[in-house]
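What follows is one structure encoded as structure tokens, with my remarks underneath.
What follows is calculated from the coordinates using simple rules that are stated; it is not laboratory data. A quick note: this is a predicted structure, and the numbers were derived from the prediction, not measured. Note that we place each Cβ from the backbone using ideal geometry, even for glycine, and neighbour counts take in every protein chain shown.
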Amino acid sequence: MTDNKTIIRFENVTKKYDNDTVLNGVSFEIERGKFYTLLGPSGCGKTTILRLIAGFIEPSEGTISFNGKIINDVPADKRQVNTVFQDYALFPHLNVFENIAFGLRIKKMKNAAIAEKVMEALRFVNLNGYENREISEMSGGQRQRVAIARAIVNEPEILLLDEPLSALDLKLRTEMQYELRELQRRLGITFIFVTHDQEEALAMSDEIFVLNQGEIQQSGTPTDIYDEPINRFVADFIGESNIVPGRMIQDFQAEFAGKRFECVDQGFSPNEPVEIMIRPEDLEITSTELGDLLIKVDSQLFRGVHYEISGYDEAGNEWLVHSTKKAIVGESIGLRFDPEAIHVMRFGETEEEFDRRLEAYAGHEPDSSVPTPTVGGARND
Ligand SMILES: Nc1ncnc2c1ncn2[C@@H]1O[C@H](COP(=O)(O)OP(=O)(O)OP(=O)(O)O)[C@@H](O)[C@H]1O
Ligand SMILES: [Mg+2]
């Protein structure tokens, strides 16, 4: 059921071009007034989702609802949605004022009202005084702000932003990240932002959808996704991680690197092969006697705040460690970690499959002697 917080809802949306499936049964909900990010590698379907929301293309299967009404057939110009394109798509022959006024002129708004709205939009993006400039006289960051002003002047309920920062240099990009986030808070409208930069997604979003090959792998807050990645793809794509093969002996007991460890995961078949993920910052360097694992240090880099140490255990797995302690290349060290640092992932499992497995497992007898653990190594919510 769609409640009144939900502004956009995708139900089993598939998009095909001839026989090429570029989105495969995607379902999600977007709540009003939040900052969402679609994150994923090139070609995974991010722009396709934006185009479906904007109404530039129609789904091959499934439904898209806006405020509880199905809008599959509603044309783009009848939707309360505006898009900021990656290349901004500004009109080079119009000045800043006329670029922003464009949509309002199409709506046949009166000149005085247009001027008022354009000036307000310019103030919003900190470009007051620039209204008579030509687009060719504006910097990349300023053009980007003109593109945003042109979109918000129409007072959309949703603003779609397709990699709007990718053309900017690092410093300007970081500044614009703050500005965009601030702007979203001030306007209170829903932003759907596309990027393939994981740090940008973590820094800006209320909620992130991680996509790969036309499917949502996982959705959640930045901390959910960083702390509890659902599979190797998400763990690899977001942050640095150690991923080694292992198996679940039974609930709360995993085996990897030739040893058994207590963990907080359950819901796997006995002896099921799994992937074990531990973040480099969750590994603590200790003596060889006290270590849960032993590694022979292979390389060490000083990264400012921490050392980045890598080495191999006896089973031949490589481990990356972030530590403020130094190690010596060629020597053996012990690594210690908590049961909570171990994340158990089923091969290639997506969030939907995880949820289904969790539901099936909930019907199963719970073991009340153990404190509420995470099932299957995913989210703690
Ligand atoms: N009109 C089209 N006809 C055929 N295939 C298309 C069409 N538009 C997009 N595709 C394909 O759909 C897939 C997803 O494209 P999409 O533009 O959504 O990717 P993206 O995630 O935005 O990638 P990028 O980060 O490179 O912009 C790609 O494989 C692309 O080639
Ligand atoms: Mg794209």
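Based on alpha-carbon centroids, what's the gap between region 254-273 and region 92-126 in Å, whole number please?
Spelled out, the Cα-based centre of one part sits 61 Å from the other.
How much net charge surrounds ASN111 when only other residues with a Cβ under 13 Å from its Cβ are counted (Lys, Arg +1; Asp, Glu -1)?
Values: positive: ARG105, LYS107, LYS108, LYS110, LYS117; negative: GLU98, GLU116.
Result for the local shell: +3.
Can you list which of the DSSP-assigned H helices in the chain have a Cα extent of 15 Å or more along the long axis and an average Kyte-Doolittle score of at least 0.5? All intermediate terms of the calculation are to be shown ahead of the outcome.
Numbers: long enough: 96-106 (16 Å, 1.14); 111-124 (20 Å, 0.39); 140-152 (18 Å, -0.21); 170-187 (25 Å, -1.14); 351-362 (16 Å, -1.47).
Helices passing the filter in the chain: 96-106.
7 Å from Cα along Cα→Cβ at both GLU240 and PHE85: what's the point-to-point distance in nm?
3.9 nm
Looking at region 294-327, which trypsin sites (Lys or Arg not before Pro) are in a loop (DSSP not H, G, I, E or B) and have at most 14 other Cβ atoms within 10 Å?
Values: sites: LYS296, ARG303, LYS325, LYS326; in loops: ARG303, LYS325, LYS326.
Sites meeting the loop and neighbour criteria: ARG303, LYS325, LYS326.
With charges only on Cβ, +1 for K and R and -1 for D and E, what is the dipole size of region 129-207 about its Cα centre, in debye, rounded to 20?
On the way: 9 positive and 16 negative charges, 51 e Å.
Value, rounded to 20: 240 debye.
Suppose the chain between THR63 and GLU359 were pulled fully straight at 0.36 nm per residue; how much longer would it get relative to their current alpha carbon spacing? Walk me through the numbers on the way to the answer.
On the way: separation 296, 0.36 × 296 = 106.56 nm, distance 2.47 nm.
Extra length from THR63 to GLU359 when fully extended: 104.1 nm.
Between LYS110 and ILE249, what FRET efficiency comes out of the Förster formula 1/(1 + (r/R0)^6) with R0 = 56 Å and r the beta carbon distance, rounded to 0.05? Walk me through the numbers on the way to the answer.
On the way: r = 74 Å, r/R0 = 1.32.
That pair, ILE249 with LYS110, gives E of 0.15.
Out of the chymotrypsin sites (Phe, Trp or Tyr not before Pro) in region 249-346, which ones are loop residues according to DSSP with at most 12 other C-beta atoms within 10 Å?
Working: sites: PHE252, PHE256, PHE261, PHE268, PHE302, TYR307, TYR312, TRP319, PHE337; in loops: PHE252, PHE268, PHE337.
Here no loop site has a sparse enough neighbourhood.
Please work out whether region 192-339 counts as rounded, prolate or oblate from its C-alpha gyration tensor, where a ≥ b ≥ c are the square roots of the eigenvalues and a/c under 1.5 means rounded, while otherwise a/b larger than b/c means prolate and anything else oblate?
On the way: a/c = 2.37, a/b = 1.29, b/c = 1.84.
Judged from the Cα gyration tensor, region 192-339 comes out oblate (a/c at least 1.5, b/c at or above a/b).
Quick one: of LYS259/LYS325; LYS34/LYS171; LYS117/LYS171; LYS16/LYS107; LYS78/LYS108; LYS5/LYS46, which pairs are farther than 27 Å apart, Cα to Cα? Working shown, then result.
Numbers: LYS259/LYS325 25 Å; LYS34/LYS171 25 Å; LYS117/LYS171 30 Å; LYS16/LYS107 34 Å; LYS78/LYS108 16 Å; LYS5/LYS46 23 Å.
Pairs exceeding 27 Å: LYS117/LYS171; LYS16/LYS107.
Using alpha-carbon positions, what is the distance between the centroids of region 36-61 and region 150-194, in Å?
Taking the Cα centre of each part, region 36-61 and region 150-194 sit 17 Å apart.
Suppose every Lys and Arg Cβ carries +1 and every Asp and Glu Cβ carries -1, with no other charges. What dipole size does the chain come out with about its Cα centre, to the nearest 20 debye?
With Lys and Arg at +1 and Asp and Glu at -1, about 2000 debye.
Filter the chymotrypsin sites (Phe, Trp or Tyr not before Pro) in region 135-212 down to the DSSP loop ones having no more than 11 other Cβ atoms within 10 Å, then list what survives. Kindly include the intermediate steps, with their values, before the conclusion.
Numbers: sites: TYR178, PHE191, PHE193, PHE209; in loops: none.
Within region 135-212, no chymotrypsin sites (Phe, Trp or Tyr not before Pro) qualify (loop, at most 11 other Cβ atoms within 10 Å).
Pulled fully out, how much extra length does the chain show between ASN24 and LYS5, if you take 0.36 nm times their separation in residues and subtract their Cα-Cα distance? Can you show the working numbers first?
Values: separation 19, 0.36 × 19 = 6.84 nm, distance 2.55 nm.
So the chain would gain 4.3 nm between ASN24 and LYS5.
Place a point 7 Å from the Cα of LEU301 along the Cα-to-Cβ direction; which residues of region 224-245 have their backbone N under 18 Å from it?
Those under the cut-off are 236-243.
Would you be so kind as to identify which of ASN231, GLN177, PRO245 lies farthest towards the positive end of the dipole of the chain, taking Lys and Arg as +1 and Asp and Glu as -1 on Cβ and the Cα centre as origin?
GLN177
Given R₀ = 25 Å, what would the calculated FRET efficiency be for LYS325 paired with ALA203, taking r from the Cβ atoms and rounding to 0.05?
On the way: r = 28 Å, r/R0 = 1.12.
Efficiency computed from Cβ-Cβ geometry: 0.35.
Which percent, nearest 5, of DSSP beta bridges in the chain are antiparallel?
Details: 58 of 78 bridges.
Antiparallel: roughly 75 percent of the beta bridges in the chain.
For the charge dipole of region 6-227, defined by +1 on Lys and Arg C-beta atoms and -1 on Asp and Glu C-beta atoms about the Cα centroid, which residue among LEU161, ALA203, GLN217 has the Cα displaced farthest towards the positive pole?
Going by the charge dipole, the pick is LEU161.
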